[in-house]
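Scroll down for the structure; my scribbles are underneath it.
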Amino acid sequence: MEDGRVLGIDPGERRVGLAVSDALRLIASPLQVLPRGRDLGPTLEAIARIAREERAVQIVVGYPINADGSIGPQARRSEEFARRLGAVLALPMQLWDERLSSAGAEEALRANGRDLRRARQRGELDAYAAAVMLQDYLDAARLARTRAANLAALESRTRDDAVRLGQHDLSGSGA
């Protein structure tokens, strides 16, 4: 598993929520919210600066797929956002389904006793949504690595057993 911090981005119409993982990629935390103007350049430059400051080695951009799994206008805007960010930041970039991140962010804020209305006004909800989306990505990536490692171990054990059985059969010792 590659270590290093991952920057999660929830690109909205007016604000961009940012979250970051720990270096072991176990926990995602809300980081901050950036304003998004008509000219995306300053926002992208700010994200690139933050990625360097946080020593991010990968970027995950929220990808709002429609409930039916289709790609709509918002998802296309995320694709364009990621493409433009890739032009100013040379890091591996992944689009990640963020369909439930806002609901998860609201739930997390309520669980922490936060005033949801005030969090929305301050834009905190966007950073929490980025953290929920990034945590989902981290969990899925960890699960995929665990499954791959378990499968590799099982295949190795099966090969070792086959070799031992073959040696046993060839030796004729019965032991």
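The values are calculated or read from the model by the stated rules, or taken from the named source; none is laboratory data. Because the structure is a prediction, the values reported are computed rather than measured. We place every Cβ from the backbone using ideal geometry, glycine too, and count neighbours over all the protein chains shown.
Restricting attention to the stretch 80-97, does a residue exist that is part of a loop (DSSP other than H, G, I, E, B), at pLDDT below 95 and within 23 Å of Asp139 (Cα to Cα)?
No, every residue in the stretch 80-97 fails to be part of a loop (DSSP other than H, G, I, E, B), at pLDDT below 95 and within 23 Å of Asp139 (Cα to Cα).
Looking only at the stretch 1-47, count how many residues are free of Cβ contacts under 8 Å to residues at least 60 places away in the same chain, acidic (Asp, Glu) and in contact with a helix residue (DSSP H, G or I) (Cβ under 7 Å, 6 or more places away or on another chain).
Total satisfying the criteria: 1.
Hey, does the stretch 62-70 have a residue that's over 12 Å from Ile9 (Cα atoms), among the hydrophobic types (A, V, I, L, M, F, W, C) and in a helix (DSSP H, G or I)?
No, because not a single residue in the stretch 62-70 is over 12 Å from Ile9 (Cα atoms), among the hydrophobic types (A, V, I, L, M, F, W, C) and in a helix (DSSP H, G or I).
Condition first: at pLDDT below 65 and in contact with a helix residue (DSSP H, G or I) (Cβ under 6 Å, 6 or more places away or on another chain). Now tell me which residues in the stretch 109-156 satisfy that.
If the condition is that a residue be at pLDDT below 65 and in contact with a helix residue (DSSP H, G or I) (Cβ under 6 Å, 6 or more places away or on another chain), then Leu109, Leu116, Ala119 are the ones that fit.
Only residues that are touching a helix residue (DSSP H, G or I) at 6+ places or on another chain (Cβ under 6 Å) and farther than 17 Å from Glu13 by Cβ: list them for the stretch 71-94, please.
Hits for the stretch 71-94 are Val88, Leu89, Met93.
Has the stretch 45-59 got at least one residue that is more than 18 Å from Tyr137 (Cα to Cα), out of contact with any strand residue (DSSP E or B) (no Cβ under 9 Å at 6 or more places or on another chain) and among the hydrophobic types (A, V, I, L, M, F, W, C)?
yes
Which of the residues that make up the stretch 23-49 are surrounded by 14 or more Cβ atoms within 10 Å (Cβ to Cβ), not β-branched (Val, Ile, Thr) and not in a helix (DSSP H, G or I)?
Scanning the stretch 23-49 gives Arg25, Ala28, Ser29, Pro30, Leu31, Gln32, Leu34, Arg36, Leu40.
When the residues of the stretch 60-79 are narrowed to those that are within 18 Å of the chain's Cα centre (by Cα) and small (Gly, Ala, Ser), which ends up nearest to Ala141 (Cα to Cα)?
Gly62
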